[in-house]
Amino acid sequence: MATRLADTLLAADADMDRIHRRVVRVGAAAAWSAAALFMVLGFLSGESAMFVEAVGPVIAASFMTTQILLKRENGGMALFSAALITLVMYAVVGNEATLVPAAVALVLICSIGMLLIDSHQIATVGSIALVLVISPLLWGLPVTDALTLGAVMALGFIMASAIFFTVRNAAAALNVRFQTLFESSPTAVMEEDWSEALAYVRSEYTGRPDRIRPFLMAYPAVVARAVGKAKITRANQAAIDLLEASDAEHLLGYRDPESVTDETVGAFALALATLYEGGKSYEQEVFALTMEGRPIWLQTRCVDTSSNQPATTILVGLADVTHMQARQDAMAELVRAKDEFIAKVSHELRTPLTAVVGLTSEMAAMDLSEEEQAELMLLVCGQASEMSYIVDDLLVAARAEMETMALDTAVVDMGVELRKTIDGLGITVQGVADPIPAVVADASRVRQILRNLLTNADRYGGPNRRITAGAALDRAWLEVRDDGEGVDPSAAEVIFEPYSTAHSGVTGSVGLGLSVARQLAELMGGSLTYHRDPDETVFRLELPIAGASNRAQASVTASV
């Protein structure tokens with residue numbers, strides 16, 4: 001009864017129906033139990049008076065049961081009806097020994113009943129006080145004694161009602177503030193009941209409390225069944241919007257056990273373990289799906305505000321941290337990419353550097369002929385050039401990121417630069433287009449672009465490579481083609497991202513060549529794209545054509 005009374009004092013308007021249902025159901029159960037007890041005692045003792053005394057509880061129980069069946073439970077009416085039945089039954093079968101208990105019972109029942117009266121409270125108090133004054137007259141007491149007892153009962157009822165009203169009004173004022181904060185809060189808040197879930201976990205695990213978390217993680221089926229016994233009892237509008245529910249009813253009720261997945265089992269296990277260990281609060285970030293199926297990361301802060309039975313009232317604050325999680329993932333990916341980049345650069349530089357060190361050591365230690373020295377020196381130059389190319393790409397990437405890249409533009413014969421690049425790399429290319437239109441660009445950067453495209457084709461393309469070229473409007477274009485398999489269409493842009501090697505499928509590459517080539521092409525007013533045509537991999541470089549309108553700018557230095 002104390003729990004029911006506390007619930008009544010603190011209940012919001014939306015909860016009063018639930019309180020009335022509880023009071024009527026508890027009262028009906030108590031009345032039927034009392035009636036059964038009187039009948040059993042009557043059978044055992046053979047006293048017919050016991051059966052007469054059972055009539056009152058039967059009438060009260062029948063009245064409350066009727067309310068339940070009609071689904072029109074009213075706790076105030078039930079209690080006042082019980083008080084009236086008590087008054088009448090004492091007049092019929094009461095005696096001097098039960099006088100005081102009957103009087104106390106009437107005052108107590110009527111006082112508690114006043115807690116469930118929301119309107120015409122003063123008139124109701126006056127009417128009940130008057131009934132209590134005259135009640136002893138119906139019990140056959142002398143007039144003076146009856147009026148004295150009635151006055152004491154009425155005074156006790158009025159004092160008790162005044163105290164209950166004061167407490168209720170104070171509690172209601174506090175509760176209104178809480179409800180306003182709960183319902184109108186811009187923060188998503190839910191109220192949950194995990195008492196059944198906690199009871200289930202306790203029935204499944206009887207080991208040491210400090211081992212509950214490993215147990216739950218080892219048995220996700222237990223976690224799923226426990227979560228299926230937890231229920232959401234209340235949610236504010238912010239929570240409804242955050243979780244993309246149509247209304248509050250869409251959220252309320254028992255949780256779905258299937259929400260326990262590999263991604264969420266740890267979060268649910270933490271919640272259950274904290275409650276099992278007697279903890280009052282916990283917070284964590286969890287992955288979830290909205291009611292519309294959209295993935296979302298939530299920061300949850302949970303506080304167990306239960307007064308008696310643990311985990312019956314848990315307030316859960318929710319915040320959408322999906323963007324923060326995405327940022328953390330991006331930072332983690334960046335750190336991983338940088339670490340991988342450093343390892344790749346070290347590997348790429350170590351290979352030619354090892355060759356340079358080895359060859360020069362051999363030249364210094366051995367007595368070689370001029371022809372052998374020249375051959376070794378040629379190899380050393382090739383490896384040094386390889387290191388130079390890597391360093392060039394690194395510098396371009398760094399300067400482009402800092403927006404300090406400098407270009408020295410002039411009229412450039414791409415055919416000449418292409419032949420220099422092919423000769424320097426020692427790569428075989430079939431069908432080199434000739435002539436190739438001249439462009440306005442930085443000659444060294446054009447060679448760097450061509451070198452990266454040809455190196456990419458040599459490393460990752462097919463055995464047959466060819467160059468085509470032409471002009472369209474104010475741009476000259478050059479295409480590096482090979483008969484390799486190419487990359488997946490979804491990775492057509494990824495291959496131009498810094499440190500990406502998605503196009504190659506080969507480890508050990510720095511992953512800057514194509515990124516640097518595109519950056520340089522765009523800084524010179526051109527473009528670099530990739531496509532398949534239809535069985536060839538095609539990288540198309542476009543640069544501003546050298547015409548009459550831009551020859552005057554041939555030796556202008558541009559800084560970007």
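Observations, loosely collected:
- Heavy atoms of Asp118 accessible to a 1.4 Å probe, total area in Å² rounded to 10: 100
- DSSP loop GluC sites (Glu not before Pro) with at most 10 other Cβ within 10 Å: longest gap in the chain: 1-291
- Hypothetical label at Glu196: residues of segment 220-246 whose amide nitrogen lies under 12 Å (7 Å Cα-Cβ projection): 226-233
- Mean residue ellipticity at 222 nm, helices only, the chain: -19000 deg cm²/dmol; runs of at least 4 DSSP H residues each add -39,500 (n - 2.57), and the sum is divided by the number of residues.
- Additional length obtainable on full extension of the chain from Arg327 to Ser48, 0.36 nm per residue less Cα span: 92.3 nm
- FRET efficiency estimate (nearest 0.05) - Cβ-Cβ, Leu147 to Ser119, R0 45 angstrom: 0.90
- Exposed-site-free run, longest, the chain (rule: trypsin sites (Lys or Arg not before Pro); DSSP loop; at most 11 other C-beta within 10 Å): 73-560
- Rg to Rh quotient for segment 310-356, alpha carbon positions, Kirkwood Rh: 1.53
- For segment 209-364, alpha-carbon Rg and Dmax in angstrom: 24.5, 88
- Å² per residue, accessible surface of segment 72-208 at 1.4 Å: 53
- Going by accessible surface with a 1.4 Å probe and the largest first, Thr300, Thr86 read Thr86, Thr300.
- Heavy-atom accessible surface of the chain: percent carbon and sulfur, 1.4 Å: 60
- Per-residue 3J(HN,Hα) values for segment 126-141, derived from phi via the Karplus relation 6.51 cos²θ - 1.76 cosθ + 1.60 with θ = phi - 60°, read x, 5, 5, 4, 5, 4, 5, 5, 8, 4, x, 5, 6, 8, x, 7 Hz in sequence order (x marks Gly and Pro).
- Additional length obtainable on full extension of the chain from Leu70 to Glu362, 0.36 nm per residue less Cα span: 94.7 nm
- Contact order relative to length of the chain, as percent, for alpha carbon pairs under 8 angstrom and 6 or more apart: 8
- Computed from Cα positions, the angle between helix 75-93 and the longest principal axis of the chain comes to roughly 20 degrees.
- Note on segment 389-472: Cα convex hull, mean projected area over all directions, 6.3 nm².
- Accessible area per residue in Å² at 1.4 Å probe, computed on segment 283-380: 64
- The calculated pair-distance distribution of segment 27-108 uses every alpha carbon pair, bins of 10 angstrom beginning at 0, and gives 18, 48, 28, 6 percent.
- Over the C-alpha trace of the chain, radius of gyration and Dmax come out as 43.7, 144 angstrom.
The values are calculated or read from the model by the stated rules, or taken from the named source; none is laboratory data. Please read these numbers as outputs of a predicted model, since none were measured by experiment. Counting neighbours? That spans all protein chains shown, and the Cβs are built from the backbone with ideal geometry, glycine included. The area values use the complete protein model at the heavy-atom level, side chains included, leaving out ligands, DNA and RNA. Shrake-Rupley method; radii C 1.70, N 1.55, O 1.52, S 1.80 Å.
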